[in-house]
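Heads up, the thing below is written out as structure tokens.
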Amino acid sequence: KQQEFDLPSLRIDENEVANITSASHPRSRSPRFGGPPMSQISGVRRPLSHTNSFTGERLPTFGVETPHEAQLGTLLGDLDTWGIDIFRIGDLSCNRPLTCVAYSVFSQRDLLSALMIPPKTFIAFMVTLEDHYVKDNPFHNSLHAADVTQSTNVLLNTPALESVFTPLEICGALFAACIHDVDHPGLTNQFLINTSSELALMYNDESVLENHHLAVAFKLLQNQGCDIFCNMQK
């Protein structure tokens, strides 16, 4: 198990810095290191407005607006089996495979009702999460996340696991599958460490990408209308 650690933050009095700088360097140069403050999570963009997620009071049957709802429904009927055509689902869902698969799986398992997750909130979070997967990434994209989510759903249906997990634990497993590669840069941990990347510095070279995926997902939950766990007790 990975050891937990606290990431210390450095607080500097601005007046003290100004006095020291003016005394030793009359003409100070720009800071050596640029980029956002370390307290900000790289890759998390400002809240987005999703006009194509759903409109009005009607919720899409499969979580996404699509003119191919009937065809999509036929494919999603095989969510509990191996070998589902995830690429075709991506096309029929208007490039929203993760939102579509996640909403369908959570609905099919009655997790939204059991955990009091508002359907609109769930869709808003999934659309936001999907937007934070790098579309140009040839592998670690939202299509891959949808594939892993569907595969996790199949594994959870193993007869030996029947009645083993609670709804909350099943939700945790599926949630992990959904978020597991969000904002993946397409590089390995070792490359990020060797190049002293911002992410490696942020997480002190420890499970850099894994920590980043989780941090981005938790940060997105704080967006207005995206907290799918709003009705749960700590």
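The values are calculated or read from the model by the stated rules, or taken from the named source; none is laboratory data. Owing to the predicted nature of the structure, the values given are computational and were not obtained by experimental measurement. Here the Cβ is made from the backbone with ideal geometry for all residues, glycine too, and neighbour counts use every protein chain on show.
For every residue, the table says whether it meets (1) touching a Ser or Thr at 6+ places or on another chain (Cβ under 8 Å); (2) farther than 19 Å from Gly43 by Cβ.
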position	(1), (2)
Val134	no, no
Asp147	no, yes
Leu155	no, yes
Thr158	no, yes
Cys171	no, yes
Leu174	yes, yes
Asp181	no, no
Gly186	no, no
Inspect the stretch 168-188 for any residue being of a type in the set (S, T, N, Q) and within 13 Å of the chain's Cα centre (by Cα) and give the result as yes or no. no
Restricting the stretch 153-190 to residues that are part of a loop (DSSP other than H, G, I, E, B) and touching a residue at least 24 places away in the same chain (Cβ under 8 Å), the residue that is farthest from Met116 (Cα to Cα): Gly186
Could you run through the stretch 78-93 and say how many residues are closer than 27 Å to Phe229 by Cα and assigned to a loop (DSSP other than H, G, I, E, B)? 3
Going by the structure shown, is Leu111 in contact (Cβ under 8 Å) with a residue 12 or more places away in the chain, hydrophobic (A, V, I, L, M, F, W, C) and closer than 21 Å to Ile170 by Cβ? yes
Answer with yes or no whether Phe218 is of a type in the set (Phe, Trp, Tyr), within 28 Å of Pro119 (Cβ to Cβ) and either without any contact (Cβ under 8 Å) to a residue 24 or more places away in the chain or in a helix (DSSP H, G or I) (or both). yes
Checked the stretch 134-180 for anything touching a Leu at 6+ places or on another chain (Cβ under 7 Å) and within 15 Å of Asn95 (Cα to Cα); matches are Ser142, Ala145, Ala146
Return the pairs, sorted by first residue and then second, in which the second residue is charged (D, E, K, R) and surrounded by 18 or more Cβ atoms within 10 Å (Cβ to Cβ), the first residue lies in the stretch 69-92 and is within 10 Å of Asp147 (Cα to Cα) and in contact (Cβ under 8 Å) with a residue 60 or more places away in the chain, the beta carbons are less than 9 Å apart, and the residues are 6+ apart or on different chains. Ile84/Asp147; Ile86/Asp147
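Can you tell me how many residues in the stretch 191-202 are without any contact (Cβ under 8 Å) to a residue 12 or more places away in the chain and of a type outside the set (S, T, N, Q)?
Here the count works out to 2.
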Which residue is surrounded by the most Cβ atoms within 10 Å (Cβ to Cβ), if the candidates are limited to the stretch 56-75 and must be outside any loop (DSSP other than H, G, I, E, B) and among the polar types (S, T, N, Q)? Gln71
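Have a look at Asp183, Asp227, Asp147, Asp131 and point out the one that is at positive phi and either surrounded by 16 or more Cβ atoms within 10 Å (Cβ to Cβ) or of a type in the set (Ser, Thr, Tyr) (or both).
Asp183
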Options Leu111, Leu192, Leu115; residue that is over 30 Å from Ala70 (Cβ atoms), in contact with a helix residue (DSSP H, G or I) (Cβ under 9 Å, 6 or more places away or on another chain) and hydrophobic (A, V, I, L, M, F, W, C): Leu192
Among the residues listed as Asn231, Asn223, the single one being farther than 20 Å from Val134 by Cα, out of contact with any strand residue (DSSP E or B) (no Cβ under 8 Å at 6 or more places or on another chain) and either at pLDDT below 95 or outside any helix (DSSP H, G or I) (or both): Asn231
